Each structure stands twice: as structure tokens, then as C-alpha cells.
Amino acid sequence: MKLFDSHSHLDDRAYEKDLDSVINRAKIAGVSKIMIVGIDGKSSAKAAKIAEENSGCYASIGVHPHDAKECSDRTINFLKDLSENQKVKAWGEIGLDFNRMFSPKDVQEKWFINQLEAADELGLPLIFHERESNGRFLEILKSNYNEECKGVMHCFSGSRKELKEYLDLGLYIGITGIVTIMSRGEKLRNLITMIPDDRILIETDAPYLTPAPEKNGTRRNEPAFVKSVLLKIAEVRKEDPEALSQKIFENTCRLFNVNPS
């Protein structure tokens, strides 16, 4: 079984003491490739460094909506310089989050649009974050998104209508460990079969969103656990896990322009 964790935060301090062991466990579990996703300038640089030092690891650079208030033209230029690293394969995670409001709405929107333009300029695929934006995320995306620059909806947990709109835009859909949780994941499991085989990705969002059954033993998620996400999706879709893992692996490599071999 070949697995690609399409979204992790291995730059997080939760892995400071045992990062090598975490990456090794992932390989043992069949996770041969990992995308490490930046949330600001500092974490993006660290993600790129980890990716450089570990085969099968790649980096995404960007400013998360929570951190938009700290963004500047200088930050964007710094990220553009980072994109010259061959291990940098995407821009994100970017978008809107009107739930916790760590950054004002207008500031989030400004830097979301600015980063869409930067990714388009560089030809990098995008990793999107959306939470409770009440349609504003889609409104901005439809006005500023170049479909030739592919993207994925990270940690999809939206409605049937939103799923259709994302798919109509040509986006990939990232599924996390939420799908394995009995009550919280019910709505998501009901939508899983709507996602075409060539548009679905699996992710951990490690160290967050630990899937079942691993969450019964640890709070910290890690890339090795993405296998539980794959197995639950295969169960819900009534597909052979190995065949589905191959499709999803190919999807992820295609999105991020990564050699599958």
C-alpha cells in the first residue's frame, strides 16, 4: 500500500524531540511521501529545511489566515524566494477563517488575494483553508482563482453544496481523520462517495485531528496514522484499500507535481 500524507505540520514543536522517529514510523506504515505545510514565514522556512533533509518529504509555503495580521509584502517576497527550493511544491495553507478571528476579516481577505496572485505567478498549486466564511471564501476564489493553478480544499468538512462548488472549480478534496470519528465524522462520511476517484486526497493535519483508533492512545497525530484515514474511506466507499491507495497516491503526486517513483 502506497500512501502520501498530503498535509502535515512536521515543523511543529510537537516533533522537536523525535522527528526522525516520526518520519521513520511513517515509512514503515507505507507513507512514502509527506507534504509539510507552512503557516507563516518562519514555519515555511522550517518546512522547506525539513523537506530538504528527508527524502520523500516536500514543503508548502504560505501564510495561514490566523497569521494574516503579521503578513506583509516583505513576507510574500521572502516566501517567493523560498519557492526556489526544489522541495517546495505548493503554496498554502491560505484562505479565510472567520471562526476564531485571530486576524481581522479585511486583513485575511487582502492577504488571501495577494497569495492567490503570488501562487499564480509562480505556477504553484494551492492548499486552501476555509472555516465559517459564509460564502466569502468562494466569492473571492471565483473572482481570483486561475484554474490552471490547481488546488486542494484542506480538511474538507463543508456541505454538499460547497463540495459541488469546489469540485466544479476543479479542486481536489482533502480528507482528514475526522472521517474516522463516529459522531463528528458522520456528515463527512455521507459525502465521501460524491468525490470522484481522481480528486480525493488523504491527510493527517498532524499534530492535530488524530484519527481513530490511534486517538485512543495518543493526542498527537503523525503521518503514519494517515493509513487509518485511507482505510475508513475505502470502507465507506466499498473499495479495495490497496487499489484506492494507489489512486489517491497518484492524485497527490499529480497535484503537487511530484514524481510518483
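Residues that are within 17 Å of VAL88 (Cα to Cα) and of a type in the set (Lys, Arg): list the strands (runs of 3 or more DSSP E) wholly contained in segment 1-68 that include at least 1 such residues.
On the way: elements: 3-8, 31-37, 57-61.
Counting at least 1 such residues, we get 31-37.
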Checklist entry - Just one of ALA26, ALA51 is surrounded by 15 or more Cβ atoms within 10 Å (Cβ to Cβ), under 19 Å from VAL226 (Cα atoms), out of contact with any helix residue (DSSP H, G or I) (no Cβ under 9 Å at 6 or more places or on another chain) and among the aliphatic types (A, V, I, L, M); which is it? => result ALA51
Item to check | Single unsatisfied condition, ASP97 versus (1) surrounded by fewer than 19 Cβ atoms within 10 Å (Cβ to Cβ); (2) within 17 Å of the chain's Cα centre (by Cα) | outcome: (1)
Item to check | Scope segment 89-112; condition small (Gly, Ala, Ser) and in a strand (DSSP E or B); matching residues | outcome: ALA90, GLY92, GLY95
Next on the checklist: Given the condition touching an Asp or Glu at 6+ places or on another chain (Cβ under 9 Å) and small (Gly, Ala, Ser), answer yes or no: does some residue in segment 70-89 qualify?
Outcome noted: no
Next on the checklist: Being in contact with a helix residue (DSSP H, G or I) (Cβ under 9 Å, 6 or more places away or on another chain) and surrounded by fewer than 22 Cβ atoms within 10 Å (Cβ to Cβ) is true for just one of GLU235, GLU147. Which residue is that?
Outcome noted: GLU235
Checklist entry - What are the residues in segment 207-252 that are of a type in the set (Gly, Ala, Ser), more than 18 Å from HIS9 (Cβ to Cβ) and touching a residue at least 60 places away in the same chain (Cβ under 8 Å), if any? => result SER245
Checklist entry - Between residues in segment 1-28 that are without any contact (Cβ under 8 Å) to a residue 40 or more places away in the chain and residues that are surrounded by 15 or more Cβ atoms within 10 Å (Cβ to Cβ) and assigned to a helix (DSSP H, G or I), which pairs lie under 6 Å by C-beta distance while being six or more apart or on different chains? => result ASP11/SER43; ASP11/LYS46; ASP11/ALA47
Next on the checklist: Which of the numbered conditions does VAL152 fail, given that it passes all the others? Conditions: (1) crowded, with 19+ Cβ neighbours inside 10 Å; (2) more than 16 Å from the chain's Cα centre (by Cα); (3) aliphatic (A, V, I, L, M).
Outcome noted: (2)
Item to check | Test set (1) of a type outside the set (Asp, Glu); (2) within 19 Å of GLU93 (Cα to Cα); (3) modelled with pLDDT of 95 or more - TYR145 fails condition number | outcome: (3)
Checklist entry - Any idea which residue in segment 62-79 is surrounded by the fewest Cβ atoms within 10 Å (Cβ to Cβ), counting only those that are out of contact with any Lys or Arg (no Cβ under 9 Å at 6 or more places or on another chain) and among the aliphatic types (A, V, I, L, M)? => result ILE76
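Results for (1) under 15 Å from the mean Cα position of the chain (by Cα); (2) more than 26 Å from LYS105 (Cα to Cα), shown as yes or no for each residue.
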| site | (1), (2) |
| --- | --- |
| ARG136 | no, no |
| LYS161 | no, no |
| GLU165 | no, no |
| ALA206 | yes, yes |
| ARG219 | no, yes |
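The values are calculated or read from the model by the stated rules, or taken from the named source; none is laboratory data. As the structure is a computational prediction, the values presented were derived from the model and not from experiment. Heads up, the Cβs are rebuilt from the backbone with ideal geometry, glycines too, and the neighbour counts pull from every protein chain shown.
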